[in-house]
1. When residues of region 78-104 are filtered for being at pLDDT 85 or above and either assigned to a strand (DSSP E or B) or under 17 Å from the mean Cα position of the chain (by Cα) (or both), how many remain?
2. Please enumerate the residues belonging to region 163-183 that are under 23 Å from Asp107 (Cβ atoms) and in a loop (DSSP other than H, G, I, E, B).
3. Does Thr152 satisfy the condition of being surrounded by 15 or more Cβ atoms within 10 Å (Cβ to Cβ), closer than 19 Å to Ala210 by Cα and in contact with an Asp or Glu (Cβ under 8 Å, 6 or more places away or on another chain)?
4. Every residue in region 24-48 that is without any contact (Cβ under 8 Å) to a residue 24 or more places away in the chain and either within 20 Å of Asp72 (Cβ to Cβ) or in a loop (DSSP other than H, G, I, E, B) (or both), please.
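The values are calculated or read from the model by the stated rules, or taken from the named source; none is laboratory data. All values reported here derive from a predicted model rather than from experimental measurement. Please note: Cβ atoms are built from the backbone with ideal geometry, for glycine as well, and neighbour counts cover all protein chains shown.
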Amino acid sequence: MGKNQQELLKGLSDAVVEMDEESTVSLAKEVVKEQHDTYQAIEKGLADGMDRAGKLFEEEEYFIPELLMCSDAMYAGLDILKPHLTIEDQTEKHRVVIGVVEGDTHDIGKNLVKIMLETAGFEIYDLGRDVPPKDFVAKAKEVKAQIIAMSTLMTTTMDGMAEVIRLLQQENIRDQFAVMVGGGPISQSFADRIGADGYSKDAAEAARLARRLVKGVAIVHE
């Protein structure tokens, strides 16, 4: 990757963090003009900026208004880059049911993951926040989803994730869905303990994980 693309990626990320819609748009146009990798520009530029903004939010350096302005800048860049994305297997989009588990109403992280997954070409069914375990299962069955993605920022609601997996096992349909978990208190070891298929620490990684999982789900289906 030439220095030029590297600079553009950093520029895009910075522009999003700085809530600078104008810069985001002009840098995105430059990516297209120079025919740089669009997905990289989204993932390592725009999404990276949104991740950084999310961390500033967690550290209480940014608040909701700043975060919304960052996402405005990111969406403005996305509008320019999206038409130039070559989405793999455009024929059928993989479906993801996403939500924040029951008892938790923190949905910033979930919204970032949703944005990243949409960007990566997934079809998203967003159940919102404070979602009972049975609703994840019902929706996944209804839309024939490939992935169930759950997040929480609270330790007290983590068991809701395990409950979703228990319900899937109870109905003998566990192998039909890949289950992804994430959020502040969640770790790889917790994911392993409850039998989830994957854990990601941030939104950009969640999109990569989802791509890996759908490649595997087809094989997992028995």
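1. Residues that pass the stated criteria total 9.
2. Those that are under 23 Å from Asp107 (Cβ atoms) and in a loop (DSSP other than H, G, I, E, B): Phe177, Gly183.
3. yes
4. Ser26, Glu30, Gln35
Here is a yes/no grid of residues against (1) assigned to a loop (DSSP other than H, G, I, E, B); (2) touching a residue at least 40 places away in the same chain (Cβ under 8 Å):
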| position | (1), (2) |
| --- | --- |
| Leu12 | no, yes |
| Val16 | no, yes |
| Lys55 | no, no |
| Tyr62 | yes, no |
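Conditions tested, residue by residue: (1) of a type in the set (Phe, Trp, Tyr); (2) assigned to a helix (DSSP H, G or I); (3) modelled with pLDDT of 95 or more.
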site	(1), (2), (3)
Lys114	no, yes, no
Ala140	no, yes, yes
Leu153	no, no, no
Thr156	no, yes, no
Met161	no, yes, yes
Pro185	no, no, no
Phe190	yes, yes, yes
Arg212	no, yes, no
Lys215	no, yes, no
